[in-house]
Each structure stands twice: as structure tokens, then as C-alpha cells.
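For reference, the structure is listed below as C-alpha cells.
Nothing in this text is a laboratory measurement; each read-out follows from the coordinates by a stated rule. Worth saying up front: this structure is predicted, and the values here are computed from it rather than measured.
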Amino acid sequence: MRSEKVGLTNETEPYLATLYGKALDADAEKPILGDRFAAEAVARIDFDFRTLKLPNGAAITLPLRARHFDDWTRAFLAQYPVSTVLHLGCGLDTRVERINPGPDVRWFDVDLPPVIALREQLYQERPGYHRIATSVTDAGWLDSIAGDRPVFVVGEGLVMYLEERDGTALFRRIVEKFPSGQIAFDGYSGTMTRAVSRFLKISGKKVHLVWGMDDPRDLEKAVPGLHLLECVEFLGMPELIDRLSRGSALKQTMHRTMNRLSFYRHLVRHVRYAFGPD
């Protein structure tokens, strides 16, 4: 990790929230993710993070979400040590450092040019690691990547910001490009998408979400060759309930009661799809 202070632009400031949530976890007595790389990055950014107002529970939900996608990534790389990883909408996440992939993995972090420019200041180069400065929905960026290996695609915190037609077109291009692989992301229901867009603010700025996914199997119909492998209801994860309850039996009962309601369980899902002969 480099040592000089790094400044921000208006375009990159909104990306601080997820990084800060992981940094807070890294400093906790019992961390979930333990992302020391996030803590080091926060220390280097020229910004008063005390002014950053995170949603309630973000220091729990953000690292727990990241750890779940890390686990899926590691499992894929253990099965396919010669492969490609596409980290779409990577933001300032340090997943490549946490995973520390082997020498036969090609890893691509993809995000908008201002974000990639900030990553270049914050994080060092490493073998097999590449950055692509573009919108993930642009049609041409995949052309520069060889399609000769199985691919793992992770879109944590991304898909709900995409138009459905753009997201499905992106996934079709990936399925057509690579011989086999998996695509993993977190999907919000239509109810969750509307609620977040209406009520949630991060540091005074409204969050605008677009793609609500009420049935994960709808994507199987929209992207030929894709099939659902796993669907995890995030709000029902036992560790999330325990952490949010903070030892309160009343809060734990409340969370477990809410999870008996299907509309609540389906608000946030972690989904993993597969394609190809493997």
C-alpha cells in the first residue's frame, strides 16, 4: 500500500461509504471481514470520514455481504485455478487483495474512469491484475479480454443500479464470450428498490436504484444458457441477525419473526448462476 495522501473528486466521493463500512469492521473487536486493506486505504484518503453518515447497520451488512461474495469467489478459484475473474462495478473494494489469487488467474476490476483513476493512486499493481476504466454496460470492453478460460463474474452492489435491459445484455455478452463460468451478485426486489430510492440517503445524497428482481429465475429466461445455482436470502442469514441484534433477545425475535414473511425474506438475495458445460 502506498503512503502519500490521495485526494477526491465529486465523482469518487460517493464510493467512500462501502469502503468506510469495511474499514470500521476491520477496527472492530470481532471483525466480520477483517479487511485491513480497506482500513489502510481510508487512512490514505484526504477526507474527514467522521462526516460520512452510513445507513444503520452498514458496518455489519457491508462486510458480511463482501465476505459472502469472497467465499463464492474462493470456491470457484479452488475449482478452477486457471481462470478469469471479472469484478464488475468494483468501486474501491480490495477484493483482489483479500482473495490473493494464484498466478494463473487473470483478474479484471471494471468501473468508471474516475473510480479507476483513484484506484491507481490507492492500490499497487500485482501480477495478473488489470483495471478497465469504463461503464460495465458499454458493449466493447469485453473485446480486450481473452475468452479462453472459465470465468467468475462478481457484481456486488451493482445490479440494482442498472437498467434491466442493460444488465441482461451484459450477462448475455459474458455467456457468449466465455466457455463456462458463474455470475454472482446481490439482487433487490422491486419493493426494496423502490423503498431505497425513496427513503435512503448517504451523506445527504439520495440513492437511485433501478432494477428490481422479484424472481431470480426470470434471468434464466432472459439470458439463454444461464441457470440458477444458489439463492441466499441475505436478511435471513443467522450471523446477520445475531450481529444486528447485539445480544438483545427482543431484537433477535423481531428479526426472526420478520423473516417468516416471504416479502421480507425476498427483499435482498445473493444469487449465483452458472453457464456452460461445467
The alpha-carbon pair-distance distribution computed for region 13-275, with 10 angstrom bins and whole-percent values, is 6, 29, 38, 22, 4, 0
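Out of all Cα-Cα pairs in region 132-272, roughly what percent, to the nearest whole number, are more than 17 Å apart?
Values: 6539 of 9870 pairs.
The share of Cα pairs beyond 17 Å in region 132-272 comes to 66 percent.
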Would you compute, from DSSP H runs of 4+ residues alone, the mean residue ellipticity of the chain at 222 nm, taking -39500 (n - 2.57) per run and dividing by the full residue count, rounded to the nearest 500? -11500 deg cm²/dmol
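Send over the semi-axes of region 90-181's equivalent ellipsoid, whole angstrom and largest first, taken as the square roots of 5 times the C-alpha gyration tensor eigenvalues. Don't skip to the end; give the middle numbers.
On the way: eigenvalues 86, 61, 27 Å².
So the three semi-axes of region 90-181 are 21, 18, 12 Å.
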Rank Thr18, Thr193, Thr253 by mean-square fluctuation in a GNM of the chain with C-alpha springs under 10 angstrom and give only the top-ranked residue. Thr253
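Averaging sequence separations of C-alpha pairs under 8 Å and six or more residues apart, then dividing by the length of the chain, give the relative contact order as a whole percent.
Details: 477 pairs, mean separation 46.0, N = 278.
Worked out over the chain, it gives 17 percent.
Divide the volume of the convex hull of the Cα atoms of region 192-257 by its number of residues and quote the answer in cubic angstrom per residue. Provide the component values of the computation, followed by the final result.
On the way: hull volume 9.1 nm³, N = 66.
In region 192-257, the Cα hull volume divided by residue count equals 138 Å³.
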Checking the cross-link filter: which lysines have an alpha carbon closer than 17 Å to that of Lys201, excluding same-chain neighbours under 8 positions apart? Lys53
Counting only DSSP beta bridges with both residues in region 13-275, what percent are antiparallel, rounded to the nearest 5? 45 percent
For the chain, set up a Gaussian network in which alpha carbons nearer than 10 Å are linked by springs, and say which option among Arg126, Arg149, Arg74 fluctuates the most. Arg126
In a Gaussian network model over the chain where Cα atoms closer than 10 Å are linked, find which of His255, His266, His227 has the largest mean-square fluctuation. His255
